[in-house]
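Got a structure for you, questions after.
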Amino acid sequence: CLIQNGRAEITHGRMIDGLPIRSTAMDIHTVGAGGSSIAWIDAGGFLRCGPHSAGANPGPACYGREGARPTITDANVVLGRLNQEYLLGGALRIAATKSWEAIGNQIAQPKKLGVHEAAAAMLAVSNTSIAQAIRFVSVERGLDPGKFMLVAFGGAGPLHAADVARELNMIVLVPPAPGVLCAMGVLTKDIQLDMSQTRLIRSMKSSVIDEICEIFAELERRGAQTFERNKISTAGLVVERSVDARYVGQNFELAVAVPPGAIAPTSLAAVVEGFHSVHKRLYSYDQPDKEVEFVTFRVKFVLPVPKPNLAPASGTDAAKPPSPRTSRQTYFEPTGAFVKCPVYERADLVAGMTLRGPAIIEQMDTTTIVPPDFDAIADHYGNLILQKNAVTLS
């Protein structure tokens with residue numbers, strides 16, 4: 001999901017399992033490349049990862065349950081990127097030998113590869129799928145992903161983020177608790193209500209302003225009734241209006257913000273001009289002399305809720321990194337080989353510390369991989385910033 005100027009992109013229609021869903025939602029592009037995504041060989045002999053998932057039961061082969069198939073998590077175990085004995089801070093014991101067996105029998109032997117080569121190929125396929133998903137929400141919309149920051153969350157995100165960022169020339173942000181970031185979002189998300197009404201109105205129609213005023217007034221009345229029925233106080237309520245517009249004859253629309261306040265000739269002109277600007281940004285051209293048609297009118301009601309305190313940590317920057325807790329042989333794509341890699345506890349890192357890759361940073365809910373050509377910087381908000389360093393790999 002692309003977030004620009006602090007706002008996530010919104011869509012009013014998407015495809016789920018081949019079915020069109022006409023509903024307002026975050027514009028999230030999904031791809032089957034998570035930790036439980038199953039690796040398999042298709043009829044043409046090509047290696048695939050996902051979209052089928054092992055889920056939590058039976059889960060990855062390293063969970064030790066019967067009938068398990070090789071997953072991305074198993075590839076990370078085989079390549080030493082995940083702890084060889086346990087996950088979740090010791091709460092989940094794993095069977096690393098099961099990962100080797102599953103990848104060896106179902107991927108390596110059919111492809112005539114070594115087990116670690118097969119595991120590396122699995123990660124390469126998975127990372128390519130993730131990078132392509134990022135291009136879908138950026139490059140294909142006229143945006144350079146290198147001008148954005150890649151936020152890595154969930155249990156598997158920080159494992160893959162640096163490799164994906166390398167391909168897209170991005171910097172990575174790993175929040176303090178990646179595994180529960182989604183839950184935190186649910187608890188801190190503003191209450192939001194979306195209302196919409198479809199009516200085709202051309203911008204040059206003589207009664208266009210009166211009709212638009214009527215539509216927005218009705219939508220705002222319906223929204224107020226909804227809050228009242230649910231006994232929700234509307235103190236601090238923010239109302240935002242937008243319209244889906246298109247050039248006459250087009251079969252797709254673009255969302256354009258409607259200025260606050262009464263609809264007047266100046267605000268109508270601003271909407272039309274806004275549509276031309278959005279169209280030019282996305283498609284590299286506009287047609288200012290062509291009439292614009294308004295299709296769907298939307299009102300978003302946002303009721304802010306209390307937010308957590310994200311104040312930066314106090315104190316001076318750390319002088320040097322802590323000593324690693326242990327080390328293990330880990331495979332990294334840039335080197336194409338296993339190297340001795342120090343393993344750190346994230347709780348030991350304080351603001352200002354910089355770890356030069358290769359490094360592994362473990363915590364209860366995830367593992368962060370810092371390849372040899374990356375640095376990890378701990379900032380004052382508890383985040384880890386991963387960015388390429390100046391090391392030249394031989």
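The values are calculated or read from the model by the stated rules, or taken from the named source; none is laboratory data. Because the structure is predicted, anything quoted here is derived from the model rather than measured. We place every Cβ from the backbone using ideal geometry, glycine too, and count neighbours over all the protein chains shown. SASA here: full protein model, heavy atoms, side chains in, ligands and nucleic acids out. Shrake-Rupley method; radii C 1.70, N 1.55, O 1.52, S 1.80 Å.
Given all pairs of different Cα atoms, what value in angstroms does the Kirkwood hydrodynamic radius of the range 279-394 take?
The Cα-based Kirkwood calculation yields 18.3 Å.
How much area per residue is accessible in the range 97-151 when the probe is 1.4 Å and only protein heavy atoms are counted (Å²)?
Spelled out: the 1.4 Å probe surface of the range 97-151, per residue, equals 51 Å².
Give me, ordered by chain and number, the residues 5 or more places off F374 or on other chains with an amide H under 5 Å from its own placed amide H.
G357, N389
Filter the cross-link list K205/K280; K98/K189; K320/K340 down to pairs whose alpha-carbon distance in this structure exceeds 30 Å.
Where the Cα-Cα span goes over 30 Å, the pairs concerned are K98/K189.
Calculate the FRET efficiency for M364 and E140 from the Cβ-Cβ distance with a Förster distance of 41 Å, rounded to the nearest 0.05.
0.65
In degrees, nearest 10, range 0 to 90: what is the angle between the Cα axis of helix 265-283 and the longest Cα principal axis of the chain?
Result, in degrees: 30.
With the convex hull built on the Cα atoms of the range 144-193, state its orientation-averaged projected area in nm².
If you wrap the Cα atoms of the range 144-193 in a convex hull and average its projections, you get 4.5 nm².
Also, I was wondering about something else. Sum -39500 (n - 2.57) across every DSSP H segment of at least 4 residues in the chain, then divide by the residue count to get the 222 nm mean residue ellipticity, nearest 500.
-8000 deg cm²/dmol
Taking Cα atoms, how many degrees apart are the long axis of helix 115-137 and the longest axis of the chain, rounded to 10 and kept between 0 and 90?
Relative to the chain, helix 115-137 is tipped by roughly 10 degrees.
If you build a Gaussian network model of the chain, linking Cα atoms that sit under 10 Å apart, which residue out of P334, P260, P20 swings the most?
P20
Of the chain, which part is the longest with no chymotrypsin sites (Phe, Trp or Tyr not before Pro) in a loop (DSSP not H, G, I, E, B) and with at most 16 other C-beta atoms within 10 angstrom?
Of all site-free stretches, the longest is 47-251.
Still on this model: Among I385, I377, what's the order by accessible area (1.4 angstrom probe), most exposed first?
Accessible-area ranking of I385, I377, largest first: I377, I385.
Over the chain, what is the mean sequence separation of C-alpha contacts under 8 Å (at least six apart), divided by residue count, expressed as relative contact order in percent?
This gives 14 percent for the chain.
Exposed loop sites here are GluC sites (Glu not before Pro) in DSSP loop states with at most 14 other C-beta atoms within 10 Å. What is the longest stretch of the chain lacking them?
86-290
What lysines does K147 reach when the alpha-carbon gap must be under 19 Å and sequence neighbours fewer than 8 apart in one chain are set aside?
List returned: K388.
Along the range 161-175, what does the Karplus equation 6.51 cos²θ - 1.76 cosθ + 1.60 (θ = phi - 60°) give for ³J(HN,Hα), rounded to whole Hz, x for Gly and Pro?
Computed from phi, the couplings for the range 161-175 are 4, 5, 5, 5, 4, 4, 5, 10, 6, 10, 9, 10, 10, 10, x Hz.
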